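What follows is a short report on a single structure.
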4 protein chains.
Amino acid sequence: MGDIACSNGISNGNGVNGKAHSSLNGYRKSCWYEEEIEENLRFCFALNSILHTGATQYQEIALLDTKPFGKALVIDGKLQSAEVDEFIYHECLVHPALVYHPNPKTIFIMGGGEGSTAREILRHSTVDKVVMCDIDEEVVDFCKAYLAVNKKAFCDPRLEIIINDARREIESRKECYDVIIGDLADPIEGGPCYKLYTKSFYELCVKPKLNEGGIFVTQAGPAGIFSHTEVFSCIYNTLKQVFKYVVPYSAHVPSYADTWGWVMASDSPLVLSADEFDLRIKQKIRGENRYLDGKTFSSASILSKAVRKSLNNETHVYTEGAARFIYGHGSACNQNHA
Amino acid sequence: MGDIACSNGISNGNGVNGKAHSSLNGYRKSCWYEEEIEENLRFCFALNSILHTGATQYQEIALLDTKPFGKALVIDGKLQSAEVDEFIYHECLVHPALVYHPNPKTIFIMGGGEGSTAREILRHSTVDKVVMCDIDEEVVDFCKAYLAVNKKAFCDPRLEIIINDARREIESRKECYDVIIGDLADPIEGGPCYKLYTKSFYELCVKPKLNEGGIFVTQAGPAGIFSHTEVFSCIYNTLKQVFKYVVPYSAHVPSYADTWGWVMASDSPLVLSADEFDLRIKQKIRGENRYLDGKTFSSASILSKAVRKSLNNETHVYTEGAARFIYGHGSACNQNHA
Amino acid sequence: MGDIACSNGISNGNGVNGKAHSSLNGYRKSCWYEEEIEENLRFCFALNSILHTGATQYQEIALLDTKPFGKALVIDGKLQSAEVDEFIYHECLVHPALVYHPNPKTIFIMGGGEGSTAREILRHSTVDKVVMCDIDEEVVDFCKAYLAVNKKAFCDPRLEIIINDARREIESRKECYDVIIGDLADPIEGGPCYKLYTKSFYELCVKPKLNEGGIFVTQAGPAGIFSHTEVFSCIYNTLKQVFKYVVPYSAHVPSYADTWGWVMASDSPLVLSADEFDLRIKQKIRGENRYLDGKTFSSASILSKAVRKSLNNETHVYTEGAARFIYGHGSACNQNHA
Amino acid sequence: MGDIACSNGISNGNGVNGKAHSSLNGYRKSCWYEEEIEENLRFCFALNSILHTGATQYQEIALLDTKPFGKALVIDGKLQSAEVDEFIYHECLVHPALVYHPNPKTIFIMGGGEGSTAREILRHSTVDKVVMCDIDEEVVDFCKAYLAVNKKAFCDPRLEIIINDARREIESRKECYDVIIGDLADPIEGGPCYKLYTKSFYELCVKPKLNEGGIFVTQAGPAGIFSHTEVFSCIYNTLKQVFKYVVPYSAHVPSYADTWGWVMASDSPLVLSADEFDLRIKQKIRGENRYLDGKTFSSASILSKAVRKSLNNETHVYTEGAARFIYGHGSACNQNHA
């Protein structure tokens, strides 16, 4: 249904009324999802259907069935995740840190309400406990209900879902984690998640909650040849102020129309050959990765000349302006609006 | 749902993942229906949802929920009818002929599977019997199922629905009708309905099946200042070869992005003042018209200078080329492909 | 140039580089002008070229060469006038008033910097003097330079071009006019021209500057079956408070994707049969109208049922809120920002 | 000009005519270039202007000034090359082969009419002679005239431009080359360049014209996680049948909305460490590369898991069907249509 070719040549019947006057010679896709990648750039997907739309307390949500990328989750007009290639984003976010860490047992996800990050983590046999802390309960419920691919993960007894501001939650917890993962919106000044990317947040909230040998990893925005200066280089530089070892890496995600970036950071050395990487994958991860293996990661973590240069030359560090920073009060991104 | 404004200013939560990096300052409609009015001209409606898509033996069908025009029926990539303004098309197609005719009892609709033409006819208290003959059973079933506005009409005992080629059906019938209505796709050469607009069809099939004083009316394609030369002028001129009295008229239909045309034809004079028109409406039609009254019709039947001129100067007559015309074999438009 | 069909079937050469991988089977128009008719509705024209873009003190300007409508003047992202159908707008704005007036000699245009309104006025042999008062000198210069069709009009010795706020200009002048024409942006509250559509402006500035038997006419925004309630009905109702005789009329302008409205007002009766209208056209207008004649105007001035009803029921009158209205200070629309 | 922000808040003057009724609150980019990346996927760039359009004997050509990617050369509706990122494509096409070759003196370019490939080659100080053979003289002339960035290259005395079918030209020449470069449209079956990607062409025409130690390199179409199976894997596999050493590599090109691929092939080993690569760049290339250095190439030549797997499993080899293959008659792509 939907994809039937036009009955060209043959009759297409005595139309319901007269307005078929120029439809004879085949016809084009007519329903489209249109995203403004940036002000002057649009990426448009033909649509099969609009599966669900709605609005939570915080954001507007849609689940679309697109022709080029399958089911797509859209929040506030931005594609979050598309069925056919979300594995690239989520494998890259999760596996390097959990592979580099020799024995990751406890994981804390800031954000991640979609469930895909938890799903990838739960494939690791070493993992005992995953805390996923998202502020938007309705997004979590929506994804539970609609994203079949994550159904099993949402039911895994190792997963604890908390609805709270990530900062408040992590501060309030006494326990530490082997890996902490940032699956948050980008650090736009004044944006909801800005305060979860600052030097002080990393120093005062994240690092103290990492176990010995623990690793922090965060999505780090677009990392394309031009777009990496938006936030990627600065997230990298901010983490460099706080952690001894910092590894930026990137991968092209077709549905984002860009190369995407992540940064992994730790006070323990992050060194692993491609072969060791592959060996650990084999030992630790159930099922087979579709995107990531040792060679892929070694390629992903060698940035191209221009990006490497920008990162090395980046001087900006994300900080919360003295005036705006009120310790313990919670951040814009995750605070309860009660 | 769907139309909730963006949570501007406030937080929009710690996004499901990171890709919300430029969504802060409000955002635009992102799902669109796009129609090519002509090769170089598109008309695009923001979408609420795609209610249904499917394909029949003859054509591809979709029911969309659009923001500017409500529910819209699209066949083979062309908008047929939109909830908010289909009344213009259907009142203009039906009421002039049924008002001009002093006492219309029996009506034959060629096409009309959507049901709206029948709905308007059935509002006339004089009408005893309506035959609606559409070739595409699935379109009829689809519209029965999905177009709530026509539900009552589809159940009216005066309505007889026939699935057949309109020409074959009308030829096979012995009875005559007071009004015959053409609610068919435009007469594109080689198109499905071309043979239902030719001089010989009008002469040999339509006129003989009209009762004394009977009236034929047909939708006649776009009638705008430029577009009226596509088919409107030629339908008019063809009918002028066959009937003594021919009245072309037009109205702007917003969802078509054009002015639309109809032609009414009879061997009895078609004269009625605006006041008489209004009086008859009052006497004959149940409920109130939204578009058409006496003044509206008098305006609609005075074409603008340029269109009037073209119609008067039109010399082309639709004929079936000798070679292509095989009498009794049925037309491309309505034949059973059995 | 530009419209050459794709060399389908034959070779299209060893492409400049490799990115031609799916261009074999013909290809589509790829440059488009896209206008948001309203938030949920877009109208898109294929482009031949972008002839000129620029910005004046007041507005952003572009001259485009479009495939469906020829050269198009776009101001602040809204189509003002398209080569192939601007005659509809300008003939409707100018000729009814100048034909109804028995002997129009002096004309004042508020706005009209494009030159087309002046062009149509200057076709009237009775006209001695036309004052065109537009606030934006650069638009006037731009149109002088680029709109070949108005070149002659701009050079006509009867035309006096004034760069000023229309209200300030008309107030400062002692002389009266036979016809005053409003060729201004729509009266959006807070918009630039709102104060040139208010009851007090009509009463205190326009009416006193009309000679005995003088006529005022203004463009009056979209007048479609749904869109006429935006401003058309209210402009009509406001003028009804000030003038004894008020005639609203409308016409479909394809490039606007809507029916457009104008309102003519006078304290002298506005009655003329279609035949008299035609006779006066013959006597007074050099060259032949493309759109307007007596019959066209009689059709244009009979509004459809729904629009007629709205206009009759309209109660809103445009006024300047007491607080906002400072007499003699000039209006937002035309004031010099010095 | 063009990028002036909307005069929001303030007045925007008394518009040229009335159609500015909803333009108050800022406005959007309205001219767009739209490319169908594939049937269900579009990539759209806001336009500053259309600098030139035209049609040659073989193809339709346009030079656009786009907001996101600067000047863009479009052939037959497909973006070929954009000002801001064409360096990625052309550095990747040219430099690996010329760096791997210890002393490249003579180069043959099949296609390349844009001039950018020649420009990059001519930066190599070892190069004595470059033959660029493109079938379309008008494209060459167009690019000479309009692409300022390649002006110097087009005038370099080492460059010989030949207008001919590449196969015919290379066959007719007695001399051999150190590097042969394929800068051609993709090998679509029935497409213009298909025959320049076949095993027999590589065996009979290319390989015999390489000097001892010579290297062949070709653009190889999209190489994204999904798109690499279109032609990239097959070009790789075909070259593997003919050459002892074959190196596929890829890079994300933002304006293509995809990762792009190239394949380098030789009968001499292709081994070079990142440091040696950088050293040779320093020794041989005038000016500084923007994209490519040793590390970038080592990353580019490690394909991701999924792509690597497809390439290894690819079994298809491009051949000219016995029936279609007429030796010595020239190929569809480059033949003179005389």
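The values are calculated or read from the model by the stated rules, or taken from the named source; none is laboratory data. Just so it is clear, the model here is predicted, and its values are computed rather than measured. Cβ sites come from the backbone with ideal geometry, for glycine too, and all protein chains shown count toward neighbours. Just the protein is used for accessible areas: all its heavy atoms, side chains included, with ligands, DNA and RNA removed. Shrake-Rupley method; radii C 1.70, N 1.55, O 1.52, S 1.80 Å.
Could you tell me which GluC sites (Glu not before Pro) in segment A:74-182 are loop residues by DSSP with no more than 11 other beta carbons within 10 angstrom of their beta carbon?
The qualifying sites are A:GLU175.
Evaluate the relative contact order of chain A (contact order divided by residue number), counting alpha-carbon pairs under 8 angstrom at least 6 apart; express in whole percent.
That works out to 16 percent.
Could you state the accessible area per residue of segment B:32-82 in Å², with a 1.4 Å probe and every protein chain left in place? Spell out each step's value before the answer.
Working: 1160 Å² over 51 residues.
Value returned for segment B:32-82: 23 Å² of accessible area per residue.
What trypsin sites (Lys or Arg not before Pro) does segment D:84-183 have in DSSP loop regions with at most 11 other beta carbons within 10 Å?
Answer by residue number: D:LYS174.
Once the Cβ-Cβ distance between B:ALA145 and B:ARG173 is put in as r, and R0 is 25 Å, what FRET efficiency do you end up with, to the nearest 0.05?
0.35
With just the Cα atoms defining each centre, how far is segment B:111-148 from segment A:218-253? Give it in Å.
Using only Cα atoms to place each centre, the spacing works out to 62 Å.
I'd like the orientation of helix A:137-146 relative to chain A: the angle between its Cα long axis and the longest Cα principal axis, in ° from 0 to 90, rounded to 10.
Roughly 50 degrees between the two axes.
If you average 1/r over all unlike Cα pairs in segment B:32-82 and invert the result, what Kirkwood radius do you get in angstrom?
Result for segment B:32-82 stands at 11.1 Å.
In nm, give the distance between the simple-model label positions of D:SER301 and D:LEU204, each being 7 Å from the Cα along the Cα-to-Cβ direction.
3.1 nm
Kindly express, to the nearest 10 degrees and within the range 0 to 90, the angle between helix C:86-100's C-alpha long axis and the longest C-alpha principal axis of chain C.
Once rounded, the angle reads 20 degrees.
Give me the net charge for the shell around B:GLY115: Cβ to Cβ below 12 angstrom, other residues only, Lys and Arg +1, Asp and Glu -1.
Numbers: positive: B:ARG119, B:LYS144, B:LYS151, B:LYS152; negative: B:GLU86, B:GLU114, B:GLU120, B:ASP134, B:ASP141, B:ASP156, B:ASP183.
Spelling it out: positives minus negatives among the neighbours equals -3.
How much of the accessible area of chain B, in percent, comes from carbon and sulfur atoms when a 1.4 Å probe is used?
Within chain B, the accessible surface is 51 percent carbon and sulfur.
For segment D:85-313, what does the accessible surface come to per residue with a 1.4 Å probe? Please give it in Å².
Value returned for segment D:85-313: 32 Å² of accessible area per residue.
Among the listed pairs C:LYS199/C:LYS309; C:LYS105/C:LYS282; A:LYS199/D:LYS295; B:LYS29/D:LYS67, which have their C-alpha atoms separated by more than 27 angstrom in this model?
Table pairs above 27 Å Cα-Cα are A:LYS199/D:LYS295.
Hand me the chymotrypsin sites (Phe, Trp or Tyr not before Pro) from segment B:56-124 located in a DSSP loop with no more than 15 other Cβ atoms within 10 Å, in residue order please.
Qualifying residues, ordered by number: none.
Quote the relative contact order of segment D:95-234 in percent (integer), defining contacts as alpha-carbon pairs under 8 Å separated by 6+ residues.
On the way: 234 pairs, mean separation 34.7, N = 140.
In percent, rounded to a whole number, it is 25.
What are the radius of gyration and Dmax of the protein assembly as shown, computed over its Cα atoms and given in Å?
34.9, 99
Counting only other chains, and only Cβ atoms inside 10 Å, what mean value do you get across the residues of C:183-191?
On the way: counts 5, 7, 13, 9, 2, 6, 1, 4, 8.
That works out to 6 on average.
Kindly tabulate the residues in segment C:33-68 with an accessible-area decrease of at least 50 Å² between the chain alone and the assembly of all protein chains, using a probe of 1.4 Å.
Hits at the 50 Å² cut-off: C:GLU34, C:ASN40, C:LEU41, C:ARG42, C:PHE43, C:CYS44, C:ILE50, C:THR53, C:TYR58, C:GLU60.
Chains D and C: what accessible area do they bury, summed, in square angstrom to the nearest 100, with a 1.4 Å probe?
6400 Å²
C:GLU189 to D:GLU137: FRET efficiency via 1/(1 + (r/R0)^6), r the Cβ-Cβ distance, R0 56 Å, to the nearest 0.05?
0.40
Which of the three applies to segment B:85-313, rounded, prolate or oblate, going by the alpha-carbon gyration tensor with a ≥ b ≥ c and a/c under 1.5 meaning rounded?
rounded
Say R0 is 35 Å: what FRET efficiency, to the nearest 0.05, do B:GLU160 and B:ARG290 get from their beta-carbon distance?
Using R0 = 35 Å, I get an efficiency of 0.85.
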